[in-house]
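S.K.: Below are the structure tokens for one structure; questions will follow.
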Amino acid sequence: MHIIILSLMLAFGLVADEAQKLDTIFLKFERKVVRSGSTEIVKGRAYYQSPQKLFVEVQEPIDQIMLIDGGVMLIYYPVEQKAFRIKSKALFSMPFIQAILSVMKDDYGLTEIGYTLSKHEKKGDTLYTHWNPPRKLKKHLGKFTLGTANGVLVYAEARNPKGKTVVKSSFSKHVELAGKQFPLEVRSEIFDKSGRTEEFVSYSDVKLNIPLPEKVTSFKLPDSIRVDEVEW
Amino acid sequence: MKRAGLKHKYFASIAFVVALMVLAVPILAQQGEIAAGRVAGAQAARASTNGTMWFAAGCLFGWLGLLVAYVIQPNPPATMLLGKSPEYVAAYTDSYRMTARGVQTGRAWTGCIVGTIVQVVGYVLLVAAAEATY
């Protein structure tokens, strides 16, 4: 819950602010998740269109297309000829793109959503800054810690309102994108009631503000596809 | 002749078992996907539903808080559905919705009952105090 609220706030704050700079994003991704001894790998491409549209083309382990447009999420299986359309009153969070939008800000976009700097400390080359959530949202959001080395974001940690760490991420292999250092590798540890999950995400071929292919901009489900409608 | 017949029966039964296995493997795989989707959906819903908040909503706003708990449903995280089969997605979303609603309404009901008891006790104490005064 806390992570979802935080990601949505960060996403919308940043999307609104960066709308002029980031109209479209293209990237290739590989996501590896290790949990309870099992490992799964998902590979594909993601196309983002400002302000709130994301087209994800999964190539491994199965062919899948996920289209998020505000409060509608369409999941389409071209091989199985099946689709799900989930309609919600709330907006869906956008996988992968959030990372790029956040990193485009010096303080990860925390100031914009009301976070305030509480203290800072230096350990070796890394400067750690600790952030308090806005007062009104203290019941839903916890503290945040950012680590920067030579001005580049290398570490982020989010806690829940009770002070328990919910996610720790380290960033590496930075490249310059639109004047900002963007990490091509993100390693995260996610802690929740059901245990600990390790996630490794690597990005490649990241491009900003490019014209998106027609298959993305004018994507339409074939008429013959059976769609399971889910009203959320 | 009899030996040849036995041999034929032997190969026929092996072929039958192999055919059964070939047919059963995708069904078993599908069942595995459904089970995995259900478990993951329920786990994610429990992890992302704020029970304390819904308890407070039921406690403070009574039936209104309860009503909201029935109406509002948290969205399933899109990341968890990436690269998953249709069977998994169907099971995950169903399970996520049911579990999240179960946690929300359960906690809101508890809050509503506790809130009502507190109000009734408060009212009784007030009445008793008023009667003692007069």
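S.K.: What average count of beta carbons from other chains do you get within 10 Å of the Cβ of residues in A:77-84?
M.R.: So the per-residue partner count for this stretch is 2.
S.K.: Rounded to a whole number, what % of the accessible area of the protein assembly as shown do carbon and sulfur atoms account for, probe 1.4 Å? Before the final figure, lay out the partial values.
M.R.: On the way: 12190 of 20150 Å².
The value for the protein assembly as shown is 61 percent carbon and sulfur by accessible area.
S.K.: Averaged per residue, what accessible area in Å² does chain A show with a 1.4 Å probe, protein chains only?
M.R.: Numbers: 11700 Å² over 232 residues.
With the other protein chains kept in place, chain A gives 50 Å² per residue.
S.K.: Also, I was wondering about something else. Just to be sure I understand the interface: list residues from region B:65-109 that lose 50 Å² or more of accessible area between the chain on its own and the complete protein assembly, 1.4 Å probe.
M.R.: Going by heavy-atom accessible area, the residues of region B:65-109 that drop by at least 50 Å² are B:Asn75, B:Ala78, B:Thr79, B:Leu82, B:Gly83, B:Lys84, B:Pro86, B:Arg97.
S.K.: Another question, then. Please build a GNM for chain A, connecting alpha carbons under 10 Å apart, and tell me which residue among A:Ala90, A:Ala158, A:Ala149 fluctuates the most.
M.R.: Most flexible of the set in this elastic network: A:Ala90.
S.K.: Mean-square fluctuation check for chain A, GNM, Cα pairs under 10 Å: which of A:Val186, A:Val154, A:Val42 is largest?
M.R.: Judging by the Gaussian network model, the answer is A:Val42.
S.K.: Pairing the Cα long axis of helix A:2-18 with the longest principal axis of chain A, what angle in degrees results, from 0 to 90 and rounded to the nearest 10?
M.R.: The angle comes out near 80 degrees.
S.K.: For chain A, with a Gaussian network of springs between Cα atoms less than 10 Å apart, report the residue from A:Thr39, A:Thr111, A:Thr165 with the top mean-square fluctuation.
M.R.: Fluctuation is largest for A:Thr39.
S.K.: For region A:162-232, list log₁₀ I(q)/I(0) at each q in 0.26, 0.28 Å⁻¹, using the Debye formula over Cα point scatterers of equal strength and ignoring solvent, two decimals each.
M.R.: -1.11, -1.22
S.K.: Between region B:33-60 and region A:165-221, what's the alpha-carbon centroid distance in Å?
M.R.: Cα centroid of region B:33-60 versus Cα centroid of region A:165-221: 26 Å apart.
S.K.: In square angstrom and rounded to 100, what buried accessible area do you get between chains A and B, total over both, with the probe at 1.4 Å?
M.R.: In total, this chain pair buries about 2500 Å².
S.K.: What is the sum of charges around A:Ser170, taking Lys and Arg as +1, Asp and Glu as -1, for the other residues whose C-beta is under 10 Å from the C-beta of A:Ser170? Let's see the in-between values first.
M.R.: Details: positive: A:Lys168, A:Arg187; negative: A:Glu157, A:Glu185, A:Glu189.
Result for the local shell: -1.
S.K.: Related question: How far, in degrees from 0 to 90, does helix B:51-61 lean away from the longest principal axis of the Cα atoms of chain B, to the nearest 10?
M.R.: Computed tilt is about 40 degrees.
S.K.: Okay, moving on. How much accessible area per residue does chain B have, counting only protein heavy atoms and a probe of 1.4 Å, in square angstrom?
M.R.: Numbers: 8440 Å² over 134 residues.
Normalised by residue count, the accessible surface of chain B is 63 Å².
S.K.: Collect residues whose amide H, placed 1.01 Å from N in the peptide plane, falls under 5 Å from the amide H of A:Ser93; neighbours closer than 5 in sequence don't count.
M.R.: Here B:Ala78 satisfy the definition.
S.K.: Among A:Lys89/A:Lys168; A:Lys139/A:Lys168; A:Lys105/A:Lys143; A:Lys105/A:Lys220; A:Lys53/A:Lys215; A:Lys122/A:Lys143, which pairs are too far apart, with a Cα-Cα distance over 23 Å?
M.R.: In this structure, A:Lys89/A:Lys168; A:Lys105/A:Lys220 exceed 23 Å between Cα atoms.
S.K.: Using alpha-carbon positions, what is the distance between the centroids of region A:98-141 and region A:37-69, in Å?
M.R.: Each part's Cα centre sits 28 Å from the other's.
S.K.: Taking the alpha carbon gyration tensor of the protein assembly as shown, what are the square roots of 5 times its eigenvalues, largest first, to the nearest whole Å?
M.R.: Taking √(5λ) for each eigenvalue gives 41, 34, 20 Å, largest first.
S.K.: Within 12 Å, Cβ to Cβ, of A:Arg35, how many net charges do the neighbouring residues add up to if Lys/Arg are +1 and Asp/Glu are -1?
M.R.: -3
S.K.: What's the angle, to the nearest 10 degrees (0 to 90), between helix B:2-48's Cα axis and the longest principal axis of chain B?
M.R.: Once rounded, one gets 20 degrees.
S.K.: Can you work out the Karplus-derived ³J(HN,Hα) for every residue in region A:103-109? Use 6.51 cos²θ - 1.76 cosθ + 1.60 with θ = phi - 60°, whole Hz, and x for glycine or proline.
M.R.: 5, 5, 9, 4, 10, 6, x
S.K.: So who's got an amide H within less than 5 Å of the one on A:Val230, skipping anything under 5 residues away but keeping other chains? H placed 1.01 Å off N, in plane.
M.R.: A:Arg85, A:Ile86, A:Lys87
S.K.: Once label points are set 7 Å from the Cα along Cα→Cβ at both B:Lys7 and B:Trp109, what is their separation, rounded to one decimal in nm?
M.R.: According to this spin-label approximation, the distance is 6.9 nm.
The values are calculated or read from the model by the stated rules, or taken from the named source; none is laboratory data. Computed from a predicted model, the values in this text were never measured in an experiment. All Cβ positions, glycine included, derive from the backbone under ideal geometry; neighbour counts span all protein chains shown. Please note that ligands, DNA and RNA were not included when accessible areas were found on the heavy atoms of the full protein model with its side chains. Shrake-Rupley method; radii C 1.70, N 1.55, O 1.52, S 1.80 Å.
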